[in-house]
1. I'm spelling it out carefully: the read-out is Kirkwood radius over Cα pairs in Å, the candidates are [x] 14.8; [y] 14.1; [z] 14.5, and one was derived from this structure. Which label?
2. For the chain, what is the accessible area per residue in Å², given a 1.4 Å probe and the full set of protein chains?
3. Could you name the aspartates and glutamates whose alpha carbon sits less than 13 Å from that of Lys50, not counting residues in the same chain fewer than 8 places away?
4. Roughly speaking, to the nearest percent, how much of the chain's 1.4 Å accessible area is carbon and sulfur?
5. Excluding residues fewer than 8 places away in the same chain, name every one of the lysines whose C-alpha is closer than 18 Å to that of Lys113.
Amino acid sequence: MEKQISIIIPVNNAQESDLAVPLSSINNQIGVDLAQIEVILVDNGTYKLKQPKLLELFANIEMTYLKTNQALDWVAALQFGLGQATGTYVMFMGVNGQLNQTDILQTFLRQMK
């Protein structure tokens, strides 16, 4: 299925538990088929995730985990993720971000169309 939205999240020295809030906020979206959404985690920090397999808890979300060979700043990490994105539209999120309403992705897609 063609992806409508690619959400790029630079990990930047975060731990797996730090990703629970942004990933939960994506997982809890209503009015949108999560099969049309891809999440790209760019592990761009000096310290990499120790157990990225723990994120498989979010089985409803198609995630791609990209581990960089060197530390990248925020902009370079976003560009790295953008190179892997397949969605028609792209959103950027930080590890401390979240979708505050459960219909944000639905509204976003409606407005884009």
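1. It is the value labelled [y].
2. Details: 6420 Å² over 113 residues.
It amounts to 57 Å² per residue over the chain.
3. Glu16, Asp18
4. On the way: 3130 of 6420 Å².
Solvent-exposed carbon and sulfur of the chain make up 49 percent of the total.
5. List returned: Lys3.
The values are calculated or read from the model by the stated rules, or taken from the named source; none is laboratory data. Just so it is clear, the structure is predicted and the values come from calculations on it, not from any experiment. Calculation scope for accessible area: heavy atoms of the full protein, side chains included, ligands and nucleic acids excluded. Shrake-Rupley method; radii C 1.70, N 1.55, O 1.52, S 1.80 Å.
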